[in-house]
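Engineer: Right, I'll just put the structure down here and ask away after.
The values are calculated or read from the model by the stated rules, or taken from the named source; none is laboratory data. Computed from a predicted structure; not experimentally measured. What goes into the accessible areas is simple: the full protein's heavy atoms, side chains included, and nothing from ligands, DNA or RNA. Shrake-Rupley method; radii C 1.70, N 1.55, O 1.52, S 1.80 Å.
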Amino acid sequence: MQNSPQMLNAPASGLHRPRRKIALKPGHSPLDWERLMSSGEDLRGVKELRKLTVKEISEHSKRDDCWIIIFDKVYNVTRYLDFHPGGRGQIMRAAGKDGTKLFMETHSWVNAERMLRECLVGFVVREPSKKP
């Protein structure tokens, strides 16, 4: 029985990093977030979708004005901060910058486009790199 499939154990480390979740305030569950997105309330904070430079996005890196880039799409996640199961601090790690790598390391199974669809501000316009 020692080598049977029931006895084989996957290594305890190296596969996944443990995720730390916090207790969300009442009214901040994933279902509450879905309700807010469906409410018609303006979560974008802009009148129309825009093309934005990385420099413009970097100006939105505070808790009361937080934009992040995921797959070259820019989201205003200011209202989402209190709904994030890992806490505001985790999203703030990507505030004002490209959070694609961090997102994929911790949420590769999550559909960000769907979850943040009402927070979409625009798209990143990458400036051509200057060659010496």
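Engineer: For each pair in 21/62; 51/97; 25/97; 21/55; 25/73; 73/101, compute the distance between the two Cα atoms and list the pairs where it is over 24 Å.
Structural biologist: 25/97; 21/55; 25/73
Engineer: Also: Pull out the extension gain between residue 93 and residue 23, defined as 0.36 nm times the separation in residues minus the alpha carbon to alpha carbon distance; nm, one decimal.
Structural biologist: Gain on extension, residue 93 to residue 23, equals 23.3 nm.
Engineer: Expressed as a whole percentage, what fraction of the accessible surface of segment 42-86 belongs to carbon and sulfur atoms when a 1.4 Å probe is rolled over the protein heavy atoms?
Structural biologist: Using a 1.4 Å probe with all protein chains present, segment 42-86 comes out at 49 percent carbon and sulfur.
Engineer: Tell me, what is the 1.4 Å probe accessible area of residue 115, in Å² to the nearest 10?
Structural biologist: 50 Å²
Engineer: Where only protein heavy atoms count, and the probe is 1.4 Å, what is the accessible area per residue for segment 59-102 in Å²?
Structural biologist: Counting only protein heavy atoms, the per-residue value for segment 59-102 is 46 Å².
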